[in-house]
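Notes follow once the structure below has been shown.
The values are calculated or read from the model by the stated rules, or taken from the named source; none is laboratory data. Just so it is clear, the structure is predicted and the values come from calculations on it, not from any experiment. Cβ placement follows ideal geometry from the backbone for every residue including glycine, while neighbour counts extend to all protein chains displayed.
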Amino acid sequence: MIKVFEATTKEEGMGIRIFLAGGITNCPDWQTDIIAKLRGSRIITDLDIYNPRRKNFPIHEPNASLEQIKWEFEKLKTADMIIFWFSRGSLNPIVLYELGMWGNSRNTKIIIGTDTEYERRRDVIIQTNLARPELPLLCSLEGIVEEIKRIVDARASIANI
């Protein structure tokens with residue numbers, strides 16, 4: 001079963017915790033696409049997906065950004081897996097920061113992908129190859145879903161031994 005937790009919910013799940021790190025502003029709603037693709041795939045264990053994109057961000061509320069950033073920080077810190085997606089339409093500066101911080105500072109499983117039209121794709125490829133050469137750099141949400149399935153299925157197989 002897949003549960004989705006939208007920012008800034010206080011609810012927690014019991015499955016494998018996946019954080020969707022990627023653009024929110026001035027880019028496609030890739031989070032909805034990947035969630036739909038995951039729901040359509042055969043995942044053999046429970047997934048809890050933490051989605052920082054909110055349907056209604058209260059832009060005029062003074063503390064909204066602080067609350068959002070704190071929620072993201074906590075969920076990234078406790079994630080079992082972080083999906084980094086660099087989409088077209090934005091430079092994704094926060095995602096670049098998150099990749100540098102969370103992608104290189106912990107033993108958390110990460111999956112990295114870029115839209116082929118992402119302006120700084122080459123930079124992400126070079127930096128990833130230098131810091132984490134063992135990681136494939138994917139170029140589609142379908143590829144990311146397949147990689148999630150591969151990691152989750154391997155983890156489930158180990159748990160059953």
Problem - Residue that is surrounded by the most Cβ atoms within 10 Å (Cβ to Cβ), among those in the stretch 135-150 that are assigned to a loop (DSSP other than H, G, I, E, B) and either acidic (Asp, Glu) or modelled with pLDDT of 95 or more (or both) - result: Cys139
Handout entry: Selected residue (criterion: surrounded by the fewest Cβ atoms within 10 Å (Cβ to Cβ)) from residues of the stretch 1-27 that are within 21 Å of Leu96 (Cβ to Cβ) and at pLDDT 95 or above
Key = Ala7
Practice task
Look at Ala79 and say whether it is surrounded by 16 or more Cβ atoms within 10 Å (Cβ to Cβ) and either under 28 Å from Met14 (Cβ atoms) or of a type in the set (Ser, Thr, Tyr) (or both).
Solution key: yes
Completion exercise
Residue count, the stretch 33-69, condition in a helix (DSSP H, G or I) and surrounded by 13 or more Cβ atoms within 10 Å (Cβ to Cβ), comes to 10
Completion exercise
Residue hits (the stretch 104-131; modelled with pLDDT under 95, surrounded by 15 or more Cβ atoms within 10 Å (Cβ to Cβ) and of a type outside the set (Val, Ile, Thr)) are Lys109, Gln127
Problem - Of residues in the stretch 99-134 being β-branched (Val, Ile, Thr) and part of a helix (DSSP H, G or I), the one nearest to Ile16 (Cα to Cα) - result: Thr128
Completion exercise
Considering the stretch 82-93, residues that are of a type in the set (A, V, I, L, M) and in contact (Cβ under 8 Å) with a residue 40 or more places away in the chain, and then whichever is surrounded by the fewest Cβ atoms within 10 Å (Cβ to Cβ), we arrive at Ile82
